[in-house]
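Since the structure comes first, as structure tokens, the remarks are kept for the end.
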């Protein structure tokens, strides 16, 4: 019996040992499974934390992951591919330039157009508000570049062009984007006294949100400016306020209906003494001002640049917008002004470049010249900083310094764009000529001839040098006789009947500029 009982105890101990061992194994397995689960969760968390996340107006947007381009830790934004995600349309070429130039593009909303050019660090924006078409430009740190056959800009450029707030957190690998409409709705709800939805200058004032400011108004309908944290910048005592994005200034209108400029730090820049005021050049600090229906230009020191005595300053760029960046400052040099139906030019310091002698600036061809359906009206010829001028019914060309390039003896100037290239032409009653070739062969050739004439103040020691110079002078005289017709333009501009002989002689120098070949090359007929 004892042996039986002892044997039974032995078996029980053995089973208990086996059970304990199994429990240990199960415990180890459970621990391993727990560690594996924790590791898996960690891996998933790591993957999620390192995976690119894009939030657009507070909502995750996975499609934009395939749009944005990363180079190291820097993000590039493909301009055209990105546009539709933030409410913009896009096209190749320049705004109102009907070409498919892939080195340029523009994006457009109902309120504004932004244009880009390859290798340029300037973005031009045209505000379409109230039909103003005012142009502002912005400089960004890195120029526009091509990546994967797309024009791309940085976050800085995207914020300016698309009126968005955009940021990248490299620790969480998260891109956050807020569009202007989203910000307007958000801050209108937050600020009960917000004045950014009012009709006057609403879009311009909405953009102040992107710079941490908001236009507000009181119960009497007067306007002021607060910071987004609620601090007052400008008191609510103005009849109107308009935000100027390029300088972060405010054009204010007093209750007496006078206008001036206030800075974003509440400093008065230009006293409110004018019926109207508009910035026309950020770099030089120039402002167009108006009093009693007369216009002038002042600078940021409130000094007069052009007296307030002119009927118009700046040209109407609706016909010539393809080649004009700033309608008030052509080539960033000269200010066009009109008085008593005559035009002249001033430079940025107020020096008069021409007299009031021109009846108009630019040539409006109405889309048709000599049967061409593709002729464009022009004001500027950029290669020589040329400006088309009109006297009576005839046209000529001056440069941005007011110097006459071609006298007023021509019947028209126009341009034709083909395959992304623009060619400029001028015509008499019977002939057509390539403007650039003509200036190159005659105008600039004559200038070089004059520059190369012997200088009495120079001493030439070598007889061979004198001989060479004499030979060159003789050749220049012979060339001068060959282009005598061009001198005739200068000396006898009133004798318009000589135009045909003048232009016919040019065919001997450059046959490519005659009517037949120009028509063939550009499909004029």
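The values are calculated or read from the model by the stated rules, or taken from the named source; none is laboratory data. These figures come from a predicted structure and were not determined experimentally. Here Cβ is always computed from backbone atoms with ideal geometry, including for glycine, and neighbour counts include all displayed protein chains.
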Quiz item: Take the residues of the stretch 227-258 that are over 21 Å from residue 129 (Cα atoms) and under 29 Å from the mean Cα position of the chain (by Cα): which is surrounded by the most Cβ atoms within 10 Å (Cβ to Cβ)?
Solution: 228
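This table checks each residue for (1) touching a strand residue (DSSP E or B) at 6+ places or on another chain (Cβ under 6 Å); (2) modelled with pLDDT under 95; (3) assigned to a helix (DSSP H, G or I).
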position: 21; (1), (2), (3): no, yes, yes
position: 33; (1), (2), (3): no, yes, yes
position: 37; (1), (2), (3): no, yes, yes
position: 49; (1), (2), (3): no, yes, yes
position: 82; (1), (2), (3): no, no, yes
position: 85; (1), (2), (3): no, no, yes
position: 94; (1), (2), (3): yes, yes, no
position: 99; (1), (2), (3): yes, yes, no
Practice problem: Among the residues of the stretch 81-112, count how many are surrounded by fewer than 21 Cβ atoms within 10 Å (Cβ to Cβ), in contact with a helix residue (DSSP H, G or I) (Cβ under 6 Å, 6 or more places away or on another chain) and closer than 19 Å to residue 145 by Cα. | Solution: 1
Quiz item: Looking at (1) touching a strand residue (DSSP E or B) at 6+ places or on another chain (Cβ under 7 Å); (2) surrounded by fewer than 17 Cβ atoms within 10 Å (Cβ to Cβ), which is the only condition residue 205 fails?
Solution: (2)
Exercise. Evaluate the stretch 265-283: report whether one residue or more is touching a residue at least 12 places away in the same chain (Cβ under 8 Å), crowded, with 21+ Cβ neighbours inside 10 Å and assigned to a helix (DSSP H, G or I).
Key: no
Exercise. Test residue 110 against the criterion of being in a loop (DSSP other than H, G, I, E, B) and either over 11 Å from the mean Cα position of the chain (by Cα) or closer than 27 Å to residue 181 by Cβ (or both), and give yes or no.
Key: yes
Exercise. Looking at (1) within 21 Å of the chain's Cα centre (by Cα); (2) without any contact (Cβ under 8 Å) to a residue 24 or more places away in the chain, find the lone condition where residue 344 falls short.
Key: (1)
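Yes or no: residue 63 in contact with a helix residue (DSSP H, G or I) (Cβ under 9 Å, 6 or more places away or on another chain) and loosely packed, with under 13 Cβ neighbours inside 10 Å?
Numbers: in contact with a helix residue (DSSP H, G or I) (Cβ under 9 Å, 6 or more places away or on another chain): yes; loosely packed, with under 13 Cβ neighbours inside 10 Å: yes.
Criteria met by residue 63.
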Practice problem: Could you check, for the stretch 210-217, whether at least one of its residues is under 21 Å from residue 75 (Cα atoms), modelled with pLDDT under 95 and not in a strand (DSSP E or B)? | Solution: no
